[in-house]
Amino acid sequence: METPKSKPKMPSAQLHELISPFNIDRIKYPVLVIGIRGYYKDTLGLPGKNDIGIYDDAIFIDSKEASVSFNANTDPSVKRPGIATLVANAVYLYKIGMHNMKAPYKALRQFGRVTVIRAGQSKPETDTSAAPFYIDIHKGGFNTTSSLGCQTIHPTQWPSFIALVEGEMKRNNQTVIPYILIEQS
């Protein structure tokens, strides 16, 4: 599986400019998770295309104390009827919780509504629901990005991602964390 040779790089000022249109209250939410779909679309996979099944996206944790990047996947690992893709250019809410009920581990769990596009329809179906779709942010795999619609972090970077998110949320007395997903143009 293709993976980037290094972590994504973006100055904090540029990241803050990207998220400014979302008008997030940084007093209420001092810690954010920001996903950029297609971050490596010109340097990984097919040129100019946001591929599925590879870590060609980026996720950042941004707070007053840190701005840290991770190699990620924001697409499903496969396209087949019914598989969900989280709609970009939107803000979603997450909480720390357990992912994978067979072998549970800490992850960011969907908290509130999300909007997805379901594959395999004659035309894409947009689905927004208060019921959880379980579009989590969790650890990916070495041979697959391990996503049926979730946002996944490369497995070697997962422990530092979840520890940093949890630590920053505790330090800032934050129980809910916004996730901003941006489509790279």
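The values are calculated or read from the model by the stated rules, or taken from the named source; none is laboratory data. What you are looking at is a predicted structure, and each value in this text was computed from that prediction instead of being measured. Cβ placement follows ideal geometry from the backbone for every residue including glycine, while neighbour counts extend to all protein chains displayed. For the accessible areas, the whole protein counts, side chains as well, though only heavy atoms, and no ligand, DNA or RNA atoms are used. Shrake-Rupley method; radii C 1.70, N 1.55, O 1.52, S 1.80 Å.
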Would you tally the residues in segment 1-40 being in contact with a strand residue (DSSP E or B) (Cβ under 9 Å, 6 or more places away or on another chain) and modelled with pLDDT under 90? 2
Subset of segment 127-160, residues of a type outside the set (Lys, Arg) and in a strand (DSSP E or B), comes to Asp127, Thr128, Ser129, Ile137, His138, Gln151, Thr152, Ile153
List the pairs whose first member sits in segment 149-165 and is within 17 Å of Gly38 (Cβ to Cβ) and of a type in the set (Val, Ile, Thr), whose second member is open to solvent by less than 10 Å² (accessible area, probe 1.4 Å) and in a helix (DSSP H, G or I), and whose Cβ atoms are under 8 Å apart, counting only residues at least 6 apart or on separate chains? Ile153/Phe161
Condition first: in contact (Cβ under 8 Å) with a residue 60 or more places away in the chain and over 27 Å from Gln14 (Cα atoms). Can you find one or more residues in segment 103-118 that meet it? yes
Counting only residues that are farther than 22 Å from Ile24 by Cα and of a type in the set (A, V, I, L, M), which one in segment 50-89 is surrounded by the fewest Cβ atoms within 10 Å (Cβ to Cβ)? Val78
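Matching residues to (1) open to solvent by less than 80 Å² (accessible area, probe 1.4 Å); (2) farther than 24 Å from Pro76 by Cα:
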residue	(1), (2)
Met1	no, no
Pro4	yes, no
Met10	yes, yes
Gln14	no, yes
Ser20	yes, yes
Ile27	no, yes
Pro30	yes, yes
Gly38	yes, no
With criteria (1) part of a loop (DSSP other than H, G, I, E, B); (2) touching a residue at least 24 places away in the same chain (Cβ under 8 Å); (3) open to solvent by less than 50 Å² (accessible area, probe 1.4 Å), Tyr92 comes up short on (1)
The conditions are (1) over 20 Å from Met10 (Cβ atoms); (2) assigned to a strand (DSSP E or B), and Phe60 fails exactly one of them. Which is it? (1)
Taking segment 147-177 and keeping residues crowded, with 22+ Cβ neighbours inside 10 Å and in contact with a helix residue (DSSP H, G or I) (Cβ under 8 Å, 6 or more places away or on another chain) leaves Ile153, Ile177
In this structure, is Gly140 under 15 Å from the mean Cα position of the chain (by Cα), at positive phi and surrounded by 14 or more Cβ atoms within 10 Å (Cβ to Cβ)? no
Identify all residues within segment 102-119 that are within 23 Å of Gly141 (Cβ to Cβ), open to solvent by 30 Å² or more (accessible area, probe 1.4 Å) and not charged (D, E, K, R); write none if there are none. Ala103, Pro104, Tyr105
Can you name the condition, by its number, that Ile180 falls short on among (1) open to solvent by less than 10 Å² (accessible area, probe 1.4 Å); (2) over 16 Å from the mean Cα position of the chain (by Cα)? (2)
Could you go through segment 161-172 and let me know if any residue there is in a loop (DSSP other than H, G, I, E, B), modelled with pLDDT of 95 or more and not aliphatic (A, V, I, L, M). yes
